[in-house]
1. Of 121, 197, 12, which is farthest along the charge dipole of the chain in the positive direction, counting Lys and Arg as +1 and Asp and Glu as -1 at C-beta?
2. Skipping prolines and chain starts, which residues have an amide H placed within reach, meaning under 5 Å, of the one on residue 153, given they are 5 or more residues away or on another chain?
3. Over the chain, calculate the relative contact order: mean separation of alpha carbon pairs under 8 Å at least 6 apart, over the residue count, as a percent.
4. Would you mind getting me the FRET efficiency between residue 84 and residue 164? Use the beta-carbon distance for r and R0 = 41 Å, nearest 0.05.
5. Among 104, 93, 77, which one shows the biggest mean-square fluctuation in a GNM of the chain, springs joining Cα atoms closer than 10 Å?
6. Assuming 0.36 nm per residue, please report the length gained on full extension of the stretch residue 59 to residue 181 beyond their Cα-Cα distance.
7. Apply the a/c threshold of 1.5 to the C-alpha gyration tensor of the chain and tell me whether it is rounded, prolate or oblate.
8. Counting Lys and Arg as +1 and Asp and Glu as -1, what is the net charge of the other residues whose Cβ lies under 15 Å from the Cβ of residue 127?
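Here, each number is a calculation from the coordinates, and none is a lab measurement. As the structure is a computational prediction, the values presented were derived from the model and not from experiment. Cβ atoms come from the backbone with ideal geometry, glycine included; neighbour counts cover every protein chain shown.
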Amino acid sequence: MNLPPFDLLLIFDYLGTMAFAISGTLTAAHKRLDIFGAIVIGFVTAIGGGTVRDILMGDLPVAWIQSNNYFFIILAGILITILFKKVVMKLRGTLFLFDTIGIGVFTVIGLEKALDLGINAPIAVVMGVSSAVVGGVIRDTLTNEVPLIFHKEIYATACITGAIVFLILYYMHVPEIICESITVVTIIGIRLWAVRYNITMPQISLTDKKGQ
């Protein structure tokens, strides 16, 4: 794989892709799926968001098909998880950080791609958030879990907030690298802050506090 020497966003993209592949494989292991199931869940977690985004925008072939790098990165993440599961489990804090970096980077990539294709700002935000969260939705759906973004955790909300920050800076003609950096830092900061202080979204309930 040949990484451009100063393309920090692409490097984070690769790290996030691997983190998502590992996340999917760990979920498959938790559900006691076989190796084939683990490979499928690992792949769909890593590429699901970008695939759906590109199909919806008509940007074909989808990004991961155009580069072998993504295939080998995902495969490496899956194999590392299968072969060194105990070690990977001990590094879950690090993986959480990579996952958080991943949703920040994927939000920016999806948003920029949509804007470059002439898509209006509100829909571009949807495309950015889709890039970040749809892979996880597919993973959770296939493993019979309620998708994380529908829980009370601050997850998609962080991506939406970051995307809005990006648009504000973008329309103020702030240089691209600064827009990208501030957006990623915003999303990472909100996610880490929410987890650190257990900040959650309010839940909707059809019963009162007494369960009546």
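1. Projecting each Cα onto the dipole axis, the largest value belongs to 197.
2. HN-HN under 5 Å from residue 153: 201.
3. Numbers: 281 pairs, mean separation 43.9, N = 212.
It comes to 21 percent, rounded to a whole number.
4. Values: r = 39 Å, r/R0 = 0.95.
Here the calculated transfer efficiency is 0.55.
5. Looking only at 104, 93, 77, the largest GNM fluctuation is found for 93.
6. On the way: separation 122, 0.36 × 122 = 43.92 nm, distance 2.47 nm.
Gain on stretching residue 59 to residue 181: 41.4 nm.
7. Numbers: a/c = 1.57, a/b = 1.07, b/c = 1.46.
Cα axes put the chain in the oblate bin.
8. Working: positive: 53, 113; negative: 54, 59, 112, 116.
Net local charge, residue 127 excluded: -2.
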